[in-house]
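Structure first, then comments.
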Amino acid sequence: MSLAELSAVEAAEGISSGTIRSVELVEACLQTVAEREPTVHAWAHIDADHALAQAKAADEVRAAGEPCGLLHGVPVGLKDIFDTADMPTEFGTPIYDGRMPERDSAAAERLREAGAVILGKTVTAELATFTPGPTANPHDPKRTPGGSSSGSAAAVAANMVPLALGSQTVGSTIRPAAFCGVFGYKPSYGRISRRGMLPLSNTFDTVGLFARSLPDIALLLDALDRYDGDDPAMRLQAPLRLSDTMTEAPPVPPTLAFVKTAAWEKADAATVAGFEELVEALGDSCDTVELPEPFAAVADLHNTVLTAEMAKSVGSLCDEPGEHPSARFRQMVEDGRKVRAADYLAALENRDVLNAGLNEVFDRYDAIITPAAPGEAPEGLGATGDPAFCTLWTFCGVPALSLPLLVGEHGLPVGVQIVGQRGHDRRLMRNAAWLMSQLADEGAAP
């Protein structure tokens with residue numbers, strides 16, 4: 001087995017114990033990049049010499065007996081919307097070609113403090129929206145990897161890197177994780193600092209995580225989980241220590257709610273059949289629950305807030321001389337400029353209403369399961385797929401995980417999304433671990 005196939009937990013433990021060196025691991029990842037990148041196109045910027053220099057420095061720190069962080073010597077990819085002082089950050093658009101930030105983003109700072117090697121910057125759809133870059137799905141290069149965190153999901157799925165960061169403002173982490181068959185995590189809104197990340201919508205922007213195992217997601221979150229007063233969405237709270245959760249059994253067996261949402265009609269036949277089998281396999285541990293009518297309007301509510309805030313945060317890109325964003329991006333900005341203040345404020349108020357409704361579900365159930373996407377990754381690289389199954393959870397700011405549990409009609413991954421109550425990320429992680437072990441123990445995974 002190539003070192004590039006190690007999980008992040010295995011890699012961190014191997015480097016800490018001295019059984020492997022960071023340089024060896026990074027060399028293996030770079031070899032995989034050389035082999036697969038001509039087809040997958042996951043990277044916007046990668047500098048092998050710089051990556052190896054970081055790895056060598058990490059090995060020297062360990063050899064000197066200095067303290068090592070959670071991700072010491074482990075390579076990580078960053079979506080090309082996070083500022084890095086030693087690499088370009090170009091936001092997936094020629095408008096920002098050659099842009100070199102003066103300071104690291106908070107996410108990059110946390111990774112460096114944890115000892116991680118930032119391997120490079122992964123491809124993002126244009127300005128983290130919907131117009132895709134060149135990235136292809138590692139399972140079938142004729143299909144989309146999803147977006148907008150396309151390169152991050154694809155790089156992890158292709159064993160180019162064990163961990164990567166993305167973002168989610170609609171479905172930009174959960175959807176590509178589902179399409180690429182990896183674990184994707186959108187934490188509760190305000191859990192991870194967004195300082196130095198391209199701002200689209202202050203109400204929805206969330207840092208997203210990609211990995212090939214649930215313990216790896218926990219490890220990455222633990223490295224990033226620190227209060228930052230420069231992000232107004234954050235509040236002072238104790239670190240989650242999700243890695244500890246991996247060894248905790250739930251106090252009682254969880255009960256899950258299978259929620260179809262208003263997007264259910266978009267699910268393909270294989271996804272419908274897969275969830276029927278999944279619910280049957282869970283038996284008394286899962287009930288089908290229907291959300292009240294007000295939840296059906298969430299797509300319009302989300303779009304009202306998103307486009308209005310985009311018009312404020314990045315709308316000027318449509319007005320300045322020189323290169324302009326795509327027609328779809330310009331249309332979103334134009335729509336946002338037409339949103340009335342009363343409609344915007346009403347949409348924000350509905351966020352509290354819908355969260356109150358979800359809290360009633362979570363009073364009875366430990367977590368919600370629902371599709372992460374309509375089905376397998378669609379053919380064609382001209383679009384990133386439908387985010388309909390992500391919109392509600394992003395709008396409400398609740399934590400969500402995409403678990404690669406199902407397989408579609410063509411043998412490609414289909415994600416199961418497990419959703420928790422806002423602010424209860426630790427409980428969600430524990431319930432996700434229980435779900436994975438339950439299906440594995442019973443041999444019941446569809």
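Within the range 270-285, being surrounded by fewer than 21 Cβ atoms within 10 Å (Cβ to Cβ) and either under 23 Å from Thr206 (Cβ atoms) or out of contact with any Gly (no Cβ under 8 Å at 6 or more places or on another chain) (or both) holds for Val272, Ala273, Glu276, Glu277, Val279, Glu280, Ala281, Leu282, Gly283, Asp284, Ser285.
Output the residue which, of all residues in the range 192-221 that are in contact with a Pro (Cβ under 7 Å, 6 or more places away or on another chain) and charged (D, E, K, R), is farthest from Leu70 (Cα to Cα). Looking at the filtered set, the residue picked out is Asp205.
Output yes when any residue across the range 182-191 is on the phi < 0 side of the Ramachandran plot, surrounded by fewer than 19 Cβ atoms within 10 Å (Cβ to Cβ) and among the charged types (D, E, K, R), and no when none is. No.
Read through the list (1) modelled with pLDDT of 95 or more; (2) surrounded by fewer than 23 Cβ atoms within 10 Å (Cβ to Cβ); (3) on the phi < 0 side of the Ramachandran plot, then give the number of the only condition that Gln237 fails. Of the numbered conditions (1) modelled with pLDDT of 95 or more; (2) surrounded by fewer than 23 Cβ atoms within 10 Å (Cβ to Cβ); (3) on the phi < 0 side of the Ramachandran plot, the odd one out for Gln237 is (1). Looking at the range 303-314, is at least one residue farther than 25 Å from Thr261 by Cα and not in a helix (DSSP H, G or I)? So far as the range 303-314 goes, yes, one or more of its residues are farther than 25 Å from Thr261 by Cα and not in a helix (DSSP H, G or I).
Count of the range 329-387 residues, restricted to those that are among the aliphatic types (A, V, I, L, M) and under 22 Å from Ser402 (Cα atoms), is 11.
Of the residues in the range 315-333, how many are assigned to a helix (DSSP H, G or I) and either surrounded by 15 or more Cβ atoms within 10 Å (Cβ to Cβ) or touching a residue at least 12 places away in the same chain (Cβ under 8 Å) (or both)? The number of residues fulfilling the criteria is 8. Picking from residues in the range 202-230 that are touching a Lys or Arg at 6+ places or on another chain (Cβ under 9 Å) and in a loop (DSSP other than H, G, I, E, B), the one that is nearest to Arg351 (Cα to Cα) is Thr203. Between Asn355, Asn350, the distinction of being assigned to a helix (DSSP H, G or I), at pLDDT 95 or above and under 21 Å from Tyr185 (Cα atoms) belongs to Asn355 only. Of all residues in the range 407-429, those satisfying the criterion of being in a loop (DSSP other than H, G, I, E, B), among the small types (Gly, Ala, Ser) and in contact (Cβ under 8 Å) with a residue 12 or more places away in the chain are Gly408, Gly420, Gly423.
The values are calculated or read from the model by the stated rules, or taken from the named source; none is laboratory data. Here the structure is a predicted model, which means the values were calculated and not measured. When we count neighbours, we look across all protein chains shown, and the Cβ atoms used for this are built from the backbone with ideal geometry, even at glycine.
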